[in-house]
Amino acid sequence: MSNALHLTAPEGSLLVDYVREFDVPAAELFRAHADPELFRRWIGPRGLETRIDAYDCRDGGTFRFVQRGQDGGDEYAFRGVFHTVRENELVVQTFEYEGWPDVVTLEYSRFEDLPGGRSRLTGRSVHPSPEARERYLATGMESGMAQGYDQLEELLAARAAHR
């Protein structure tokens, strides 16, 4: 992929910051984060299937999705609350892996138009402790995010080609 994920996680910090550019306008990028059917098709590492149990991307809405390997093995469930949703601009939400109860992350996603019909996603995850953040990073979080955003780029390119 031509647009790489850039992730920073300063040592001893609660923060993970990331930036990724896309070859579509911010409205398309936002839609892929807000529409449950589109979200299901790209979120997470390659090789996982995602089932959406709840997904109401609005102020105060909730989400829950479950991922499973194509071999039908272990399931991984995630849930949270959308606190602020400004169409095509900002999503602030909580994020919790149900396998690690009481480890709730606050996430900020900003959507910005760039020249030439492109966009930039800028994100920040605030973890409850440096140890919790390190635990997420140790699971391969960066690789999983990069694969998910590559899948998102492929999905958006395919949608644009069919217009």
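The values are calculated or read from the model by the stated rules, or taken from the named source; none is laboratory data. Since the structure is predicted, the reported quantities are computational estimates derived from the model, not experimental observations. For neighbour counting, all protein chains shown are included, and Cβ atoms are generated from backbone atoms with ideal geometry for every residue, glycine included.
The residues of region 10-52 that are touching a strand residue (DSSP E or B) at 6+ places or on another chain (Cβ under 8 Å), assigned to a loop (DSSP other than H, G, I, E, B) and either at pLDDT 95 or above or farther than 16 Å from Met141 by Cα (or both), listed by number, are Leu14, Asp23, Val24, Pro25, Ile43. Consider Pro130 carefully, then state whether it is farther than 21 Å from Leu29 by Cα and either of a type in the set (D, E, K, R) or in contact with a Leu (Cβ under 8 Å, 6 or more places away or on another chain) (or both). Yes; evaluated as a whole, the condition is true for this residue.
Only a single item in (1) over 20 Å from Gly12 (Cα atoms); (2) surrounded by 15 or more Cβ atoms within 10 Å (Cβ to Cβ) is not met by Arg86, and it is number (2). Within region 67-87, the set of residues being over 14 Å from the mean Cα position of the chain (by Cα) and among the basic types (Lys, Arg) comprises Arg68, Arg86.
Regarding Leu106, is this residue within 24 Å of His6 (Cα to Cα) and outside any strand (DSSP E or B)? So Leu106 does not fit the description; no. Report yes if Phe95 is over 21 Å from Ser13 (Cβ atoms), touching a residue at least 12 places away in the same chain (Cβ under 8 Å) and not in a loop (DSSP other than H, G, I, E, B), otherwise no. Here the answer is no, as Phe95 does not meet what is asked.
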